[in-house]
Amino acid sequence: MSGLKNLGFKAISRALLEFFCGFGAFVIVKEVSHLTRQHQDIRPFALSAFLAFFCVGFYCARSTSKGRLRSALLLALGGLLPAMAINLLGMAWTARPFLLFYLLASSFGIAMGFAVRALADGGKMRYALALALISAGVAFLIVFKVIPKWMDRQAYQAIDQEIVPFSVQTLGGTTVHSSEWKGRVVILSFWATWCLPCHAELPEIEEVQNRYRENPNVVILAVDSGTGGDTPDRARAYLDERKLSLSTAIDSGDANGKSWGPAATGLGVKKLAGLYMLERS
């Protein structure tokens, strides 16, 4: 009887260890996502998901084939459940590709970690090393070749529609109407002081703005969305602190800045940072 109890205790302990190893891998990926979120670069996120789950898969794989599927499922659950939770709660990884890439990269990592461990435990070290290198090479190829091409196709979308006329107020207090831009190429960069990806993008917008500043046929305007409590004073202080000389306006839907303004609503802005180009017509 005591032997059965010990066996049951070991099985439960093993299951908890595998689940929390999956959770630990999730924490590592979440931290990488947090550290690189300023540039919204999905490549280190996907690569860290593969590497973290490969390592925990290799560590948790049993020395025999029995129970490996259960171990893999527990690892996957430990990593997937918290990821789904923060996605559903709107806390992080709310962009559609993040959860998908996380699922694919983590599953591939677990599978390769288990396969390499199985070969190593069977004394086939040469094959284990070869598989580890090949799987790492495949992961790097997908992350640095396939994903960028996919993201390029997803990043730009042409929309054939008339815009609803709107007006925004510059930080200098001047009201600008969209009807004044007809016949010119217009680039609107929607941002906010609290938006980390915007922090990385605004200096690039400034460079483009300086390049076309003397061209009367081009309008480049950085539009503070006015969300998250942004005000003209807050936007001005942010730009002054970072020494950015951008032509800037603010677009706020209400006094509290809790809803999208008329420019964002008319153009269909749903998230920041957002870059929109209006053709001459």
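The values are calculated or read from the model by the stated rules, or taken from the named source; none is laboratory data. Values in this document were obtained by computation on a predicted structure and should not be read as measured data. In this analysis, Cβ positions are derived from the backbone assuming ideal geometry, glycine residues included, and neighbour counts consider all displayed protein chains. Protein only, heavy atoms only, side chains kept; ligands, DNA and RNA dropped before computing areas. Shrake-Rupley method; radii C 1.70, N 1.55, O 1.52, S 1.80 Å.
A few comments on the model shown:
- Positions within the stretch 127-155 being small (Gly, Ala, Ser) and open to solvent by 100 Å² or more (accessible area, probe 1.4 Å), in sequence order: none
- Total residues in the stretch 235-247, condition in contact (Cβ under 8 Å) with a residue 40 or more places away in the chain, over 26 Å from the mean Cα position of the chain (by Cα) and open to solvent by 60 Å² or more (accessible area, probe 1.4 Å): 1
- The stretch 248-265, subset surrounded by fewer than 17 Cβ atoms within 10 Å (Cβ to Cβ) and under 20 Å from THR175 (Cα atoms), residue modelled with the lowest pLDDT: ALA255
- Selection of the stretch 188-203 for residues being open to solvent by 30 Å² or more (accessible area, probe 1.4 Å), in contact (Cβ under 8 Å) with a residue 60 or more places away in the chain and either farther than 11 Å from LEU239 by Cα or in a strand (DSSP E or B) (or both) yields LEU196, GLU201.
- Residue pairs meeting the criteria (Cβ under 8 Å; at least 6 apart or on separate chains; first aromatic (Phe, Trp, Tyr), in the stretch 204-226; second surrounded by fewer than 20 Cβ atoms within 10 Å (Cβ to Cβ)): TYR212/VAL218
- Candidates GLY137, GLY183, GLY228: the one that is among the small types (Gly, Ala, Ser) and in contact with a Gly (Cβ under 8 Å, 6 or more places away or on another chain) is GLY228.
- Matching entry among VAL269, VAL218, VAL208 (being under 30 Å from ARG96 (Cα atoms) and either loosely packed, with under 12 Cβ neighbours inside 10 Å or modelled with pLDDT of 90 or more (or both)): VAL208
- Taking the criterion of being among the hydrophobic types (A, V, I, L, M, F, W, C), modelled with pLDDT under 90 and open to solvent by less than 40 Å² (accessible area, probe 1.4 Å), the residues of the stretch 51-73 that qualify are CYS60, ALA61, ALA72.
- Only one entry in ALA120, ALA72, ALA105 is touching a Cys at 6+ places or on another chain (Cβ under 9 Å) and part of a helix (DSSP H, G or I), namely ALA72.
- Within the stretch 138-185, the residues that satisfy the criterion of being touching a helix residue (DSSP H, G or I) at 6+ places or on another chain (Cβ under 8 Å) and within 22 Å of GLY268 (Cα to Cα) are MET151, GLN154, ILE163, VAL164, PRO165, PHE166, SER167, VAL168, GLN169, SER178.
- Any hit, the stretch 171-178, residues being more than 20 Å from GLY226 (Cβ to Cβ), in contact (Cβ under 8 Å) with a residue 24 or more places away in the chain and outside any strand (DSSP E or B): no
- Failed criterion for MET277 (all others in (1) over 25 Å from the mean Cα position of the chain (by Cα); (2) under 17 Å from PHE166 (Cβ atoms) hold): (1)
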